[in-house]
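To keep things clear, I will list the structure first and then write my remarks on it.
The values are calculated or read from the model by the stated rules, or taken from the named source; none is laboratory data. Model, not experiment: these values are computed from the prediction. Glycine also receives a Cβ, built like all others from the backbone with ideal geometry; neighbour counts cover every protein chain displayed.
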Amino acid sequence: MSGKRALITGITGQDGAYLAQFLLGQGYEVHGLLRRSASADVIGARLKWLKIDGRIILHDGNLTDLSGLIRVMKDVQPQEVYNLAAQSFVKSSWQQPLLTGTVTGLGAVNILEAVRLANPEARFYQASSSEMFGLIQEPIQSEKTPFYPRSPYAAAKLYAHWMTVNYRESFDMHASNGILFNHESPLRGIEFVTRKITDGVARIKLGLQEKLSLGNLDAKRDWGHARDYVKAMWLMLQQEVPDDYVIATGRTASVREFCQFAFNHVGLNMEDHVVVDERFLRPAEVDILLGNAEKAKAKLGWAAETTLEELVAEMVEADLQRLTSQEHL
């Protein structure tokens, strides 16, 4: 047993749930920040899916409430703090730019400030995003590639990223940014395109629907498995010196290819079922992302372990299981 305590914001999300599972496996006492909302009935669905819901200590709190964050920080006194909470759906950030800036951007500074004031020895992880590269300035993106955000979400993440660097350099905090490229799993929210695809494929296979409506099929992403990526978060906080790392597979594939893998897995032809709907196009598209994780490999000893084909197959099988057993996530 490590005897360590960790506090995770966004613990009920995809990454938070996998990170909690990983840390429990390392012998941590895991605490999570829980934002009360109208969806309280499904709030712990991912923790339940991983069968760890009874092993997490939850605390009421919100990234927009500094006083509450300070209180939780004083109560828990964690050795490690992982800020994974955000308004993280890119498409919604155009409809809710102020909320996205408040939660995703300023919220990160609130928790940095809570750590600085109440628990300055804690090691801090900020969930940065490959969306910050946006209109890419280099064909392969590394820690040295200039940022060019193309959405309110990406701009908010960029603010949080640079404020994490600022707190590290200004207050000598052990604060690191993980610039994570797209990472998916059976726990991905249904509003994200990858899960929309695998859920749609499962429904079509089971005869529950005929067509799958999608936006830009030509957008390319570097897709990995969230289960692999949360290990990288932990490895960053085990380093003596804090730093920023790109976490990626080094392979890019289009939405169309992701679709093809999913339909092929259940023996169906994608062309018979996919319909392009302009309602799902972004106002400003990020055409391609491809990450260079050589620094993470060299300094953290980290590399992606799950192939894209394996990821897609796992997601489709999970959705088939949910639909046949009438589980929901």
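Would you please name the residue that is modelled with the lowest pLDDT, looking only at residues in the stretch 28-54 that are in contact with a helix residue (DSSP H, G or I) (Cβ under 8 Å, 6 or more places away or on another chain) and not in a helix (DSSP H, G or I)? Steps first, answer last, please.
Applying the first criterion (in contact with a helix residue (DSSP H, G or I) (Cβ under 8 Å, 6 or more places away or on another chain)) to the stretch 28-54 yields 30-33, 44, 46-47, 49-50, 52-53.
So of that shortlist, the ones also not in a helix (DSSP H, G or I) come out as 30-33, 44, 50, 52.
Values: VAL30: 98, HIS31: 98, GLY32: 97, LEU33: 96, GLY44: 86, LEU50: 96, ILE52: 97.
Top of the filtered list is GLY44.
Every test in (1) touching a residue at least 24 places away in the same chain (Cβ under 8 Å); (2) assigned to a helix (DSSP H, G or I) is passed by VAL286 save one, and that test is (2).
Results for (1) more than 17 Å from HIS225 (Cα to Cα); (2) surrounded by 24 or more Cβ atoms within 10 Å (Cβ to Cβ), shown as yes or no for each residue.
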{"site": "ILE140", "(1), (2)": "yes, no"}
{"site": "ARG150", "(1), (2)": "yes, no"}
{"site": "TYR153", "(1), (2)": "yes, yes"}
{"site": "TRP162", "(1), (2)": "yes, no"}
{"site": "ILE179", "(1), (2)": "no, yes"}
{"site": "GLU184", "(1), (2)": "no, yes"}
{"site": "ARG195", "(1), (2)": "no, no"}
{"site": "ALA202", "(1), (2)": "yes, yes"}
{"site": "LEU208", "(1), (2)": "yes, no"}
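Scanning the stretch 277-323 for residues that are modelled with pLDDT of 95 or more, exposed (fewer than 12 other Cβ atoms within 10 Å of the Cβ) and not hydrophobic (A, V, I, L, M, F, W, C) yields one hit, GLY301.
Name the single residue that is surrounded by the most Cβ atoms within 10 Å (Cβ to Cβ) among those in the stretch 55-92 being within 20 Å of the chain's Cα centre (by Cα) and assigned to a helix (DSSP H, G or I). It would help to see each step written out before you state the result.
Here is the first cut: in the stretch 55-92, the residues within 20 Å of the chain's Cα centre (by Cα) are 56, 58, 61-64, 80-92.
Okay, now just the ones that are also assigned to a helix (DSSP H, G or I), so 90-92.
Working: VAL90: 20, LYS91: 16, SER92: 16.
Here the answer is VAL90.
Reported count of residues in the stretch 240-276, each being part of a loop (DSSP other than H, G, I, E, B), crowded, with 18+ Cβ neighbours inside 10 Å and of a type in the set (Gly, Ala, Ser), is 1.
For the structure I just gave you, tell me whether GLN21 is surrounded by fewer than 19 Cβ atoms within 10 Å (Cβ to Cβ), within 21 Å of the chain's Cα centre (by Cα), modelled with pLDDT of 95 or more and within 26 Å of GLU184 (Cβ to Cβ). Can you show your working first?
Details: surrounded by fewer than 19 Cβ atoms within 10 Å (Cβ to Cβ): no; within 21 Å of the chain's Cα centre (by Cα): yes; modelled with pLDDT of 95 or more: yes; within 26 Å of GLU184 (Cβ to Cβ): yes.
No.
Quick check, is TYR229 outside any helix (DSSP H, G or I), crowded, with 20+ Cβ neighbours inside 10 Å, of a type in the set (Phe, Trp, Tyr) and within 18 Å of the chain's Cα centre (by Cα)? Spelling it out, it is not the case that TYR229 is outside any helix (DSSP H, G or I), crowded, with 20+ Cβ neighbours inside 10 Å, of a type in the set (Phe, Trp, Tyr) and within 18 Å of the chain's Cα centre (by Cα).
Looking at SER213, SER254, which is the one that is modelled with pLDDT under 95 and polar (S, T, N, Q)? Among SER213, SER254, only SER213 is modelled with pLDDT under 95 and polar (S, T, N, Q).
Where in the stretch 94-190 are there helices (runs of 4 or more DSSP H), lying fully within it, with 1 or more residues that are more than 23 Å from GLY68 (Cα to Cα) and among the aliphatic types (A, V, I, L, M)?
On the way: elements: 97-100, 107-118, 152-171.
Helices (runs of 4 or more DSSP H) meeting the threshold: 152-171.
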